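Chemist: Have a look at this one.
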């Protein structure tokens, strides 16, 4: 009872703190209907002209998140859960939208898909991004495989990198420090002239951290697990003529993190070194009816694990070393045309994935070194989308993609997105998508469990909702969603034959609703969102490794809350002084336990406070997180952050 009273009181107090002047009217993760977005159609388009569900995190919000990671920020978006966001720095992070499993949310960088073919589910590590090098983020929900191909089953997260300043030379720099001996430094240089614009940024983050594993015995012997990261990002845009632009871009991110052996289990000298290098080129031709785009990206990822210590967390293993390397090539050509009431997008993309994986260990049973995994696959996909719109507010989009995969063959996806904008104030929409996720190289070719006969996972996704935008003062969106995925790939194990195998053996269904609202009146502004998510899995597999004679159903939203709520509040006390509050609340979640019943993780509520003060070109900030020092767990057996803070200054010339 006391907890409920406290939460209600916190909501009331927070709501009275929210205020922003007109220049901060868009300082909300729930973007306005007339915002220009890129991700919904692969070219700039007003949000009022699409029925797709898009949320925008703008640069101003990122400026006011200096003490946070990308995962922290995404974790407050409706329907979005970043598993591991609140754990020790360097924790492995996976993105989930609307209860999706790992690898079913596609990460984009400037609209180009990135993934890691060396991991089991193909997801991309969000730790590799520094928010100082991001211009804005667009989260597009629903099945987006027609435009973006494999893995876009539940949605895409488009990370748009920093753009050049309109000035000839612009310099930014920042310095921050805080809890867990955390220190961050960043510097950026950008500019524009008649023919060239450029942007270059560097960020360093170091933290001693805290023990990743939870010390359930309370003997205080667990060591701290820290992280050390360097990230560089740059792009160079050439204006070759009035109609042609060329772009060179690249990034490099490296971080080394301390690891523990397992849940509740400490490890003193277990580390992972992560490298990611990206380089690419883009070309845009502006013609009378639209734009012709060409993009190429090479993406390299490596993870090097080393446990080389006299400290042994296991009596059976003395030493382990493993290397996981992923390489991807992505090339795409597409064009959009615009006529009076029609728009057409048509394109084709080519993807090539390769992985090399090696593992070695030695212990009481002697050395163990399986055959290295060195495999590749490719796919080519033509796609098209057509839009019809009328002056009275009707907008209908339909499209399809044909995918040819080097291992399993062909599959097809479609999208149908009708919407109607009433009096420029209310938009209603009903979306129907299909989406797919190709089997990963590990699932196809792993020595012990790989299955080259796997088919792609296939999803059917529906959305129904409305958005209200009466004026700049009030915005509201409610969306109901449903996703059914068949041929889901699961790891299975037969305890009689000791045979393990990845198989297409299950169906998953997820459903729920999202509510988002934002209100601004003069200097007062409030933004809140609530998400309900539920789902189940149907499979001839009981979740413990034993196959059954007939299908059984079980709950499948592990670590995903059924109910989640976020409230953001801020006040521009003076032109220079700004204060905000964030309340984040989730209810209980289930944690999967192999060979046993799931364990319940308790729900929790945290409150954060942020303040900044501007001195001409200098901004000083303090970010206080979990101010009630709440003890909670997002991941069974692993610590989450209690009260912590970051403080620093940012400079702009």
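Values in this text are rule-based calculations from the coordinates and carry no lab data. Nothing here was measured: the structure is a model prediction, and the numbers come from that model. Cβ sites come from the backbone with ideal geometry, for glycine too, and all protein chains shown count toward neighbours.
Chemist: Rounded to the nearest 0.05, what FRET efficiency do residue 616 and residue 195 give with R0 = 41 Å and r taken as the Cβ-Cβ distance? Could you check? Each step should come with its number before you reach the end.
Modeler: On the way: r = 32 Å, r/R0 = 0.78.
After rounding, the FRET efficiency stands at 0.80.
Chemist: Residue 468 versus residue 46, label points 7 Å from Cα toward the beta carbon: distance in nm?
Modeler: Inter-label distance under the simple model: 2.1 nm.
Chemist: With n ≥ 4 as the cut-off for DSSP H runs, can you work out [θ] at 222 nm for the chain, using -39500 (n - 2.57) per run divided by the number of residues, rounded to the nearest 500?
Modeler: Numbers: 5 runs with 35 residues, N = 653.
When only DSSP H runs of four or more count, the value is -1500 deg cm²/dmol.
Chemist: What distance in nm lies between label points placed 7 Å from Cα along the C-beta direction at residue 386 and residue 269?
Modeler: 6.6
Chemist: Residue 629 to residue 175: FRET efficiency via 1/(1 + (r/R0)^6), r the Cβ-Cβ distance, R0 35 Å, to the nearest 0.05? Mind showing how you got there, number by number?
Modeler: On the way: r = 26 Å, r/R0 = 0.76.
Between residue 629 and residue 175 the formula returns 0.85.
Chemist: Order these peptides, 324-331, 630-637, 430-437, by their mean beta-carbon neighbour count within 10 angstrom, highest first. Show your work: numbers first, answer last.
Modeler: Numbers: 324-331: 19.8, 630-637: 17.6, 430-437: 22.8.
Highest-to-lowest ranking by the protection proxy: 430-437, 324-331, 630-637.
Chemist: While we're on this one: Be a star and scan region 294-328 for residues whose amide nitrogen sits under 20 Å from the point 7 Å along the Cα-to-Cβ vector of residue 376.
Modeler: 296-303, 324-328
Chemist: With a point put 7 Å past each Cα toward its Cβ, work out how far residue 168 is from residue 314 in nm, to one decimal.
Modeler: That separation, rounded to one decimal, is 6.2 nm.
Chemist: Arranged from highest to lowest average of other beta-carbon atoms within 10 Å per residue, in what order do the peptides 366-378, 177-189, 51-63, 145-157 appear?
Modeler: On the way: 366-378: 13.3, 177-189: 17.8, 51-63: 20.9, 145-157: 27.3.
Descending packing order for the listed peptides: 145-157, 51-63, 177-189, 366-378.
Chemist: Something else about it: Between [x] 1.12; [y] 0.94; [z] 1.26, which entry matches Cα Rg over 2.2 N^0.38 Å as derived from the coordinates of this structure?
Modeler: Label of the calculated value: [y].
Chemist: Pull out the extension gain between residue 651 and residue 322, defined as 0.36 nm times the separation in residues minus the alpha carbon to alpha carbon distance; nm, one decimal.
Modeler: 114.3 nm
Chemist: Let me ask something else about it. For residue 346 and residue 35, what is the calculated FRET efficiency with R₀ set at 25 Å and r taken between the beta-carbons, to the nearest 0.05?
Modeler: Details: r = 26 Å, r/R0 = 1.02.
So, using R0 = 25 Å, E works out to roughly 0.45.
Chemist: While we're on this one: Taking 8 Å as the Cα distance limit and 6 or more residues as the minimum spacing, I'd like the relative contact order of region 359-503 as a percentage. Present the calculation step by step, with values, prior to reporting the outcome.
Modeler: Numbers: 298 pairs, mean separation 23.1, N = 145.
Computed over region 359-503, the figure is 16 percent.
Chemist: When ranked by the protection proxy of mean other Cβ atoms within 10 Å per residue, highest first, what sequence do the peptides 105-111, 356-362 form? Write out the running numbers ahead of the final one.
Modeler: Details: 105-111: 23.0, 356-362: 17.0.
Packing proxy ranking, top to bottom: 105-111, 356-362.
Chemist: State the extension gain, in nm to one decimal, for the chain segment bounded by residue 394 and residue 254, taking 0.36 nm per residue of separation less the distance between their alpha-carbons.
Modeler: Details: separation 140, 0.36 × 140 = 50.40 nm, distance 4.76 nm.
Full extension of this stretch gives 45.6 nm more.
Chemist: Further question on the same structure: Counting only C-alpha contacts under 8 Å and six or more residues apart, can you give the relative contact order of the chain as a whole percent?
Modeler: Details: 1919 pairs, mean separation 82.9, N = 653.
It rounds to 13 percent for the chain.
Chemist: Which whole-number percent gives the relative contact order of region 593-647, counting Cα pairs below 8 Å spaced six or more residues apart? Can you show the working numbers first?
Modeler: Details: 79 pairs, mean separation 17.3, N = 55.
Taking the mean separation of contacting Cα pairs over the length of region 593-647, I get 31 percent.
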